[in-house]
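Asker: Before anything else, here's the structure in question.
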Amino acid sequence: MPSPLLALLLDRIRAAGPITVAQYVDEALYHEEFGYYARARQRSGRDGDFFTSVDLGPMFGELLEAQFEEMWRVMSGDGAVGEPAPDARFDLVEAAAGHGRLARDVLDRAAARASGFYRAVRLHLVERSALARAGQAETLGPHAQRLATGSAELPAGVRGVIYANELLDALAPHLVVMRDGGLREVYVDAGDDRLVTREGPPSSPRIEEYLTTVGARLEPGWFAEVNLAAADWIRTAGSCLDRGFLVIIDYGHEASRLYSSSHSTGTLTTYRRHVSEHRDEGPGWLMDPGERDITCHVDLTGIALAGREAGLQLLGVVDQTYFLLGLGLAERLLEDGSDAPLAVKRRLALKTLLLPGGIGSTHKVMVFAKALQCQTLRGLSLGGRVT
Ligand SMILES: C[S@@+](CC[C@H](N)C(=O)[O-])C[C@H]1O[C@@H](n2cnc3c(N)ncnc32)[C@H](O)[C@@H]1O
């Protein structure tokens, strides 16, 4: 039985012609009725298709809280560095917020410390899935009154921090391949009863411009993703931010590595039940649209450049492990050495965040600032190592 979205896409392509991979992925993930993220409130975790740092428990959010609290201090002129311009409010804007789990962890910690930071927070949750948005107030529980907006769009005039964990890897990329005759784009076309790929000229001059700007030189036969949507999102975030910070957490590489022989087959992939799939009849991401996650690695160079264009200053890029160590991950590990099940569970989660080669090395943290004099932050204090 073809999935309803497969039938719909086959009809659409037969009527109007092939679509770009970017259009295909956008439909597969976000089609209002049949899209992967539209159909479930939560997709990650043990019972889902992939894990994010949020699935490891509240520690990730608790550590991030230390960073956001410092940012609030810096902006209030109460930190080590900062302008003496006390802000009455602090916008805490989470993008790709799902049903609010990470925000809940951050606010639980802030509330437990009874800090001025907690009282200053105006929470904004930005999430494209309507089903996930509908669950936010319930997840936030006692913090629901802090929720100023819950929307699919970033709010304007932000004074505080915009942060996103694993948003950019879930935005729909164009897929290109270099041939002897020049750059070609991969399109999705209709086969007899399934979707197939077909090559054609690039759908937009922006694709080649992007590759030139980030210094990518593809060899014949190399495939690569060009995520214009990710760069556009950064520009939008930059213009929505009046004053404050933008924190991006995601897996990716500098362009010199992403667009190199080590990634010459591209990074577009699909996860289902924690397994990445490729089938003989075609790429896994083309199978069962709407039923599986589709993701690709983030180009950190393109993101940094988009940030600069949007008037953002890049304060640093570090492995997530170093970011969290700067925020006290090691100290948290030593905090409660008891054998109580909860303490053991917390230590295991902290170790998973810390282990080399795991989520802490694959994931990078990029911190930008706007309209602020800020030289350093705790999360960036251990230096700029990126593995
Ligand atoms: C990989 S999940 C990550 C969820 C969560 N941040 C976490 O770490 O567990 C990506 C999420 O981004 C959401 N999303 C995609 N595009 C978005 C956009 N433009 N604005 C806000 N959320 C978006 C999806 O609906 C999905 O919930």
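The values are calculated or read from the model by the stated rules, or taken from the named source; none is laboratory data. Being a predicted model, the structure only gives us computed values, none of them experimental. Quick reminder, even Gly has a Cβ in these numbers, built from the backbone with ideal geometry, and neighbours come from all protein chains shown. Please note that ligands, DNA and RNA were not included when accessible areas were found on the heavy atoms of the full protein model with its side chains. Shrake-Rupley method; radii C 1.70, N 1.55, O 1.52, S 1.80 Å.
Asker: Of the residues that sit in segment 190-203 and are out of contact with any Leu (no Cβ under 7 Å at 6 or more places or on another chain) and open to solvent by less than 30 Å² (accessible area, probe 1.4 Å), which one is nearest to the ligand (Cβ to nearest atom)?
Answerer: Once the filter is applied, the top-ranked residue is Gly200.
Table: residues versus (1) open to solvent by less than 40 Å² (accessible area, probe 1.4 Å); (2) acidic (Asp, Glu); (3) closer than 16 Å to Arg101 by Cα; (4) more than 17 Å from the chain's Cα centre (by Cα).
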position: Ile13; (1), (2), (3), (4): yes, no, no, yes
position: Ala16; (1), (2), (3), (4): no, no, no, yes
position: Gln23; (1), (2), (3), (4): no, no, no, yes
position: Ala28; (1), (2), (3), (4): yes, no, no, yes
position: Phe34; (1), (2), (3), (4): no, no, no, yes
position: Arg39; (1), (2), (3), (4): no, no, no, yes
position: Gln42; (1), (2), (3), (4): no, no, yes, no
position: Gly48; (1), (2), (3), (4): yes, no, yes, yes
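Asker: Please work out which residue is farthest from the chain's Cα centre (by Cα), limiting yourself to segment 128-143 and to residues that are more than 13 Å from Gly35 (Cβ to Cβ) and of a type in the set (D, E, K, R).
Answerer: Glu138
Asker: For residues that are in a strand (DSSP E or B) and not β-branched (Val, Ile, Thr), scanning just segment 194-233, find the one that is farthest from Thr269 (Cα to Cα). Walk me through how you get there before you give the answer.
Answerer: Step one: filter segment 194-233 for residues in a strand (DSSP E or B), giving 195-200, 223-226.
If we keep only those that are not β-branched (Val, Ile, Thr) too, we end up with 195, 198-200, 223-225.
On the way: Leu195: 16, Arg198: 18, Glu199: 19, Gly200: 21, Phe223: 13, Ala224: 12, Glu225: 11 Å.
Here the answer is Gly200.
Asker: Could you grab me the full set of residues in segment 125-138 that are within 20 Å of Phe68 (Cα to Cα) and away from the ligand (no atom under 11 Å from the Cβ)?
Answerer: none
Asker: Do we find that Ile234 is more than 16 Å from the ligand (Cβ to nearest atom), touching a helix residue (DSSP H, G or I) at 6+ places or on another chain (Cβ under 8 Å) and hydrophobic (A, V, I, L, M, F, W, C) in this structure? Spell out how you get there, then give the answer.
Answerer: Numbers: more than 16 Å from the ligand (Cβ to nearest atom): no; touching a helix residue (DSSP H, G or I) at 6+ places or on another chain (Cβ under 8 Å): yes; hydrophobic (A, V, I, L, M, F, W, C): yes.
It is false that Ile234 is more than 16 Å from the ligand (Cβ to nearest atom), touching a helix residue (DSSP H, G or I) at 6+ places or on another chain (Cβ under 8 Å) and hydrophobic (A, V, I, L, M, F, W, C).
Asker: Go through segment 149-173 and give me each residue that's within 16 Å of the ligand (Cβ to nearest atom) and either touching a Pro at 6+ places or on another chain (Cβ under 9 Å) or outside any loop (DSSP other than H, G, I, E, B) (or both). Steps first, please.
Answerer: Start the filter on segment 149-173 by keeping residues that are within 16 Å of the ligand (Cβ to nearest atom), which leaves 149-156, 158, 161-173.
Answer for segment 149-173, where residues must be within 16 Å of the ligand (Cβ to nearest atom) and either touching a Pro at 6+ places or on another chain (Cβ under 9 Å) or outside any loop (DSSP other than H, G, I, E, B) (or both): Thr149, Gly150, Ser151, Val158, Val161, Ile162, Tyr163, Ala164, Asn165, Leu168, Asp169, Ala170.
Asker: When both residues are 6+ apart or on different chains and their Cβ atoms are under 7 Å apart, which pairs have a first residue that lies in segment 121-147 and is part of a helix (DSSP H, G or I), and a second that is of a type in the set (Asp, Glu)?
Answerer: From segment 121-147, the pairs are Arg133/Glu127.
Asker: If you scan segment 96-107, which residues turn out to be under 21 Å from Arg39 (Cα atoms) and assigned to a helix (DSSP H, G or I)?
Answerer: So in segment 96-107, the residues under 21 Å from Arg39 (Cα atoms) come out as 96-102.
If the condition is that a residue be under 21 Å from Arg39 (Cα atoms) and assigned to a helix (DSSP H, G or I), then Arg101, Leu102 are the ones that fit.
Asker: Related question: Looking at (1) more than 14 Å from the ligand (Cβ to nearest atom); (2) modelled with pLDDT under 95, can you tell me which one Glu65 breaks?
Answerer: Unmet condition: (2).
Asker: A further question follows. All but one of (1) out of contact with any Phe, Trp or Tyr (no Cβ under 8 Å at 6 or more places or on another chain); (2) near the ligand (Cβ under 9 Å from one of its atoms) hold for Pro58; state the number of the condition that does not hold.
Answerer: (2)
Asker: Next up: Open to solvent by less than 20 Å² (accessible area, probe 1.4 Å), in contact with an Asp or Glu (Cβ under 7 Å, 6 or more places away or on another chain) and either near the ligand (Cβ under 10 Å from one of its atoms) or outside any helix (DSSP H, G or I) (or both), is that true of Ala110? Write out each step before concluding.
Answerer: Working: open to solvent by less than 20 Å² (accessible area, probe 1.4 Å): yes; in contact with an Asp or Glu (Cβ under 7 Å, 6 or more places away or on another chain): yes; either near the ligand (Cβ under 10 Å from one of its atoms) or outside any helix (DSSP H, G or I) (or both): no.
No, not satisfied.
Asker: Any residue in segment 55-65 that is open to solvent by 20 Å² or more (accessible area, probe 1.4 Å), free of Cβ contacts under 8 Å to residues at least 24 places away in the same chain and in contact with a Gly (Cβ under 7 Å, 6 or more places away or on another chain)?
Answerer: Yes, because at least one residue in segment 55-65 is open to solvent by 20 Å² or more (accessible area, probe 1.4 Å), free of Cβ contacts under 8 Å to residues at least 24 places away in the same chain and in contact with a Gly (Cβ under 7 Å, 6 or more places away or on another chain).
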